[in-house]
Structures are given as C-alpha cells and as structure tokens.
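The values are calculated or read from the model by the stated rules, or taken from the named source; none is laboratory data. It should be emphasised that the depicted structure is a prediction, and the values quoted were computed from it without experimental measurement. We place every Cβ from the backbone using ideal geometry, glycine too, and count neighbours over all the protein chains shown. For the accessible areas, the whole protein counts, side chains as well, though only heavy atoms, and no ligand, DNA or RNA atoms are used. Shrake-Rupley method; radii C 1.70, N 1.55, O 1.52, S 1.80 Å.
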Amino acid sequence: MWRIPVIVYVSCCLAAGLMSSRRVWADDISERARALHFSSIVLDTHDDTTQRFFSKDYDLGRRNPDGHVDIPRMREGGMNAIFFSVWIDGRIMGPRAVELALDQIDAVYENVRKNSKDMVFCRTAEEVRRAHSQGKIAALIGVEGGHMIGNDIRVLRMFGALGVRYMTLSHFFNDEWADSSTDKPAHNGLTDFGKDIVREMNRQGTMVDISHVSDKTFYDALEVSKAPLIASHSSVRAISRHPRNMSDEMIKALAAKGGVIQINYERNFLSEEFRIAFAATVGDLSRMEEKFKKECGDDSVCIDKQGTRVQNELIAAGKLPHVSWEKIVEHIDYVVKLVGPDHVGLGSDFDGADMPDGMEDCSKLPKITEALMRKGYKDDDIRKILGGNLLRVMEQTVKVSADLQAQ
C-alpha cells in the first residue's frame with residue numbers, strides 16, 4: 001500500500017523540477033537576450049522623427065506622450081544609432097526642394113547639439129562604434145528622395161559634405177531621373193543622369209538606397225553601383241505583396257552584391273491580410289494622405305496622426321485585422337533563410353508609419369532580440385542584424401569611394 005503514494009510523490013517532484021527548470025531556461029534566454037541587446041549597436045536606418053523637430057510640442061530630450069522616438073525611449077529600448085530621415089513631398093522639386101531639405105538637415109544638427117549629453121553626430125561606422133563605446137547615441141542623416149537635390153548633381157555633393165550618409169533614389173512619386181515603385185513609369189528605371197547620380201554617390205561614399213524605387217530602377221542602380229546597395233526601409237514581397245517590398249529575386253541580387261534590406265515595420269508592408277483589407281477599405285495610402293492634407297496643410301506630423309487615428313478606428317471596428325510585432329521577426333527570418341544573416345537589418349519607419357501591435361515605439365525593440373534568440377540565432381548573427389550588417393555596408397561604401405578617388 002505504501003508504494004503508490006511514494007511513486008506519486010516522486011512523480012510530482014520530478015514534474016515540479018522539470019517545470020522549474022523550464023522556467024529557469026526561459027528566464028535565462030530572456031536575461032541573455034537583454035544583455036546581448038543592450039551591449040550591441042542597435043541601428044535603425046529610417047526614422048521620420050525629423051518632421052517632429054518642427055512641432056512646438058515635441059522635445060527629443062524628454063519622453064513624449066505620442067510618436068515613436070525620443071531619447072528616454074531610445075535608452076529604454078537600447079536603440080543607440082539612428083538615421084534621421086530628411087523628407088519632403090516628392091512633388092516638390094527644384095530650388096524649393098533643396099531649401100526645405102537643408103532646413104531639415106539643419107534641424108537634425110540643432111537637435112543633436114541641444115542633446116549633446118546623450119547624442120553625437122556621426123558620419124562613419126568608426127564614429128558610430130566610438131559613440132557606442134562612450135555610451136552616446138549615434139545620430140546620422142539619410143535623405144529620402146532624390147528630388148531633394150533639385151536635379152543638380154552639385155547639391156548631391158553638398159549633401160555629402162554635410163554628412164548625409166544615404167540617399168533614397170526616389171520617393172512616392174517619380175523624380176526627374178528615377179522611377180518610383182508607386183508611380184507610373186516615366187523613365188524606364190534610371191535615366192542617364194540618374195546613373196551619373198549613382199556613380200557620384202559611389203565616388204563620395206554615400207550609400208545608394210533603393211527603398212521606394214521601381215523594380216527597374218533597382219536593377220539599373222545595381223548594375224551601375226560599384227558599392228553595395230541598401231533598402232533603408234523595405235520588407236519582403238513574398239509575405240506582403242506591396243510594391244514597396246522586395247521580391248526574392250531582388251533580395252538575392254541585393255545580397256550577391258553585399259547589400260542589406262532593412263525591414264520596415266509598417267502594417268501594410270508586414271501583413272498581406274492587412275494590405276488587402278486596407279486597400280479594400282481605405283484605398284491607396286497616398287490618396288488618404290491627400291485627404292488629410294486638406295485638414296493639416298503641409299504639417300506631416302498632423303497627417304500621420306490622422307492616418308493613425310483612422311487605422312486604429314478601423315481595427316477597433318473589425319474592418320482591418322490586427323498585425324503583431326512578431327511579423328517583423330517573420331520578415332527577418334525569411335531573409336535569413338533566403339540569403340543568410342549578413343543581409344538584413346532594422347529600418348522601422350518610426351514616426352512615419354503605423355506600427356504593429358506590441359511595437360508601439362522604440363522602447364519595445366528588445367523583443368526582436370529575444371525572439372531571434374528563441375529561434376536559435378547565434379549571438380554574432382543577432383548583432384549583425386541589429387546593426388553590424390549596415391555598418392559593414394557603410395565601410396564598404398567608404399572603401400569604394402577611396403578607390404574611385406584614387407583613380
């Protein structure tokens with residue numbers, strides 16, 4: 001009679017021990033992921049926070065009640081390197097486009113200066129690493145749209161001298177020399193002048209960004225450029241068929257030349273289910289923005305807030321599906337399985353797009369590191385994805401520049 005209770009007791013103890021060790025194992029991953037994340041360079045290649053610099057209610061140095069990025073939340077989320085995006089409407093061209101772009105570049109410099117205790121302006125991968133070793137946030141600049149050079153190659157050189165480290169060849173609309181993925185083709189990719197722009201970017205060490213461009217523009221740039229290309233904020237077309245996303249063939253070609261795709265967190269780019277529902281319910285994103293321009297004028301922050309409000313109302317009403325932050329990891333994992341861990345990174349589109357559930361702002365970034373670790377990713381590969389891959393492309397671009405200038 002005594003055997004049954006003993007067996008039950010032993011079985012219970014073993015089960016309890018197994019559950020306890022599972023909890024310890026889970027906690028161990030969480031702790032290791034946190035340690036890895038906060039010791040890494042976590043670099044985001046595309047943040048539209050620059051637009052918020054012109055709002056009287058925004059302060060980069062304090063925690064703000066809305067938006068996605070400020071220094072307190074960057075510290076909380078371990079985001080220690082950021083490309084502030086310089087953006088204006090793609091239909092503004094010529095001298096006015098140059099003037100507005102310079103206003104934003106100046107605003108980046110001024111906000112870094114005001115927050116110099118936490119932040120330092122960087123131009124090179126070496127400077128980013130130095131900032132990290134000093135516990136400071138590295139601030140960099142990317143220009144989102146070739147229309148901002150005013151169709152003048154000299155302005156491109158001027159942007160390079162001011163520290164612009166990448167330029168997106170087009171935006172929502174075609175510019176004078178490059179076709180966009182969201183406009184009717186006008187140039188059959190890059191014009192001859194557009195190809196000269198890519199060559200000049202190589203010469204001065206500015207990364208060529210192919211987010212927003214048409215497929216033909218991408219392949220033209222790939223053929224002309226001697227340096228690797230980046231997609232500063234694009235996702236995977238095989239998962240969501242948005243024209244802003246990259247096909248498997250494009251990702252393979254990008255990787256073959258040493259480039260990197262930086263995954264965009266925007267709901268439409270992450271989820272095909274959401275994209276289809278959005279198109280059926282709301283229509284084209286640019287048309288929705290046109291509607292809000294009547295209410296907001298040229299205030300892009302106001303337009304973004306209105307767009308977010310409408311999307312959230314439609315999600316709450318069940319007319320649009322929820323999208324989880326885990327879709328970001330799905331896109332990363334897809335690229336890794338396709339071309340390896342050396343060709344993918346983070347390009348959130350914070351402060352310029354609507355974020356998935358659970359990635360409400362940059363403070364949530366440690367979730368990505370933990371998810372990758374739970375999938376069995378090696379620490380070194382996670383560090384590459386968090387920022388190392390982009391730093392490598394920066395270094396390769398500078399090397400190409402040095403070689404060209406030595407000729």
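Some observations on this one:
- Applying the criterion of being closer than 16 Å to Phe173 by Cβ and among the β-branched types (Val, Ile, Thr) to the residues of segment 79-100, the residue that is nearest to the chain's Cα centre (by Cα) is Ile88.
- Scoring Val198 on the criteria (1) more than 15 Å from Val400 (Cα to Cα); (2) buried (at least 20 other Cβ atoms within 10 Å of the Cβ) leaves a single failure, condition (1).
- Any hit, segment 358-372, residues being assigned to a helix (DSSP H, G or I), within 30 Å of Gln306 (Cβ to Cβ) and in contact with an Asp or Glu (Cβ under 8 Å, 6 or more places away or on another chain): yes
- Scanning segment 157-203 for residues that are of a type in the set (A, V, I, L, M), under 22 Å from Gln396 (Cβ atoms) and in contact with a strand residue (DSSP E or B) (Cβ under 7 Å, 6 or more places away or on another chain) yields Val164, Met167, Leu169, Leu190, Val198, Met201.
- Some residue of segment 345-352 being outside any loop (DSSP other than H, G, I, E, B) and either farther than 20 Å from Asp48 by Cβ or open to solvent by 40 Å² or more (accessible area, probe 1.4 Å) (or both): no
- The one condition from (1) more than 16 Å from Asp44 (Cα to Cα); (2) buried (at least 24 other Cβ atoms within 10 Å of the Cβ) that Asn264 does not meet is (1).
- Selection of segment 280-296 for residues being at pLDDT 75 or above and either in contact with a helix residue (DSSP H, G or I) (Cβ under 7 Å, 6 or more places away or on another chain) or on the phi > 0 side of the Ramachandran plot (or both) yields Thr281, Val282, Gly283, Cys296.
- Odd one out for Ile149, checked against (1) touching a Leu at 6+ places or on another chain (Cβ under 6 Å); (2) open to solvent by 40 Å² or more (accessible area, probe 1.4 Å): (2)
- In segment 31-80, the residues that are buried (at least 18 other Cβ atoms within 10 Å of the Cβ), part of a loop (DSSP other than H, G, I, E, B) and either touching a residue at least 60 places away in the same chain (Cβ under 8 Å) or hydroxyl-bearing (Ser, Thr, Tyr) (or both): Ser40, Ile41, Val42, Tyr58, Gly67, His68, Val69, Gly78, Met79
- Exactly one residue out of Arg123, Arg130 is basic (Lys, Arg) and without any contact (Cβ under 8 Å) to a residue 24 or more places away in the chain: that is Arg130.
- Considering Asp209, Asp248, the condition of being over 18 Å from the mean Cα position of the chain (by Cα) and of a type in the set (D, E, K, R) is satisfied by Asp248 alone.
- Residues satisfying the stated conditions in segment 321-344, i.e. closer than 21 Å to Leu229 by Cα, of a type outside the set (A, V, I, L, M, F, W, C) and in a helix (DSSP H, G or I): His331, Asp333, Tyr334, Lys337
- Residue, nearest to Arg91 (Cα to Cα), within segment 184-194, restricted to residues that are open to solvent by 60 Å² or more (accessible area, probe 1.4 Å) and in contact with a helix residue (DSSP H, G or I) (Cβ under 9 Å, 6 or more places away or on another chain): Pro185
- All of (1) out of contact with any Ser or Thr (no Cβ under 7 Å at 6 or more places or on another chain); (2) under 23 Å from Asp47 (Cα atoms); (3) outside any helix (DSSP H, G or I) hold for Gly318 with one exception: (2).
- Residues of segment 212-261 that are of a type in the set (S, T, N, Q) and either open to solvent by 10 Å² or more (accessible area, probe 1.4 Å) or not in a loop (DSSP other than H, G, I, E, B) (or both): Ser214, Thr217, Ser247.
- Contacts under 7 angstrom Cβ, first residue in segment 303-323 being open to solvent by less than 70 Å² (accessible area, probe 1.4 Å), partner of a type in the set (D, E, K, R) and not in a helix (DSSP H, G or I), 6 or more apart: Gly307/Asp354; Thr308/Asp354; Gln311/Asp354; Val323/Asp357
- Check on Met355, out of contact with any Pro (no Cβ under 6 Å at 6 or more places or on another chain), open to solvent by less than 10 Å² (accessible area, probe 1.4 Å), in a loop (DSSP other than H, G, I, E, B) and not β-branched (Val, Ile, Thr): no
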